[in-house]
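Working notes, beginning with the structure itself.
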């Protein structure tokens, strides 16, 4: 956020991003809670639906793991590196 000629880092929330392991644990807990809710409500019509859904879950978890392995940027107080 720009105020005059100065850049001010706007930080809102509970500050959970300061604790990487807690952030990952909470995000995975929310992911699996949503997964459980989805599986309770829906049913696959055939074998393809079951395997495609399993592949989607594996893909999403692999994508999340690849993002978590990325180094944290400490250079700039703004968005991104």
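Taken together, the values in this text are just the output of simple stated rules run on the coordinates, not laboratory data. From a predicted model like this one, the values you see are computed outputs, not experimental measurements. Neighbour counts are summed over all protein chains in view; Cβ atoms, including those assigned to glycine, are modelled from backbone coordinates with ideal geometry.
Quick look at the values:
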read-out: Area projected by the alpha carbon convex hull of the stretch 2-68, averaged over all directions, nm²; value: 7.1 nm²
read-out: Two-site label geometry, residue 32 and residue 47: point separation in nm, points 7 Å out along Cα→Cβ; value: 2.9 nm
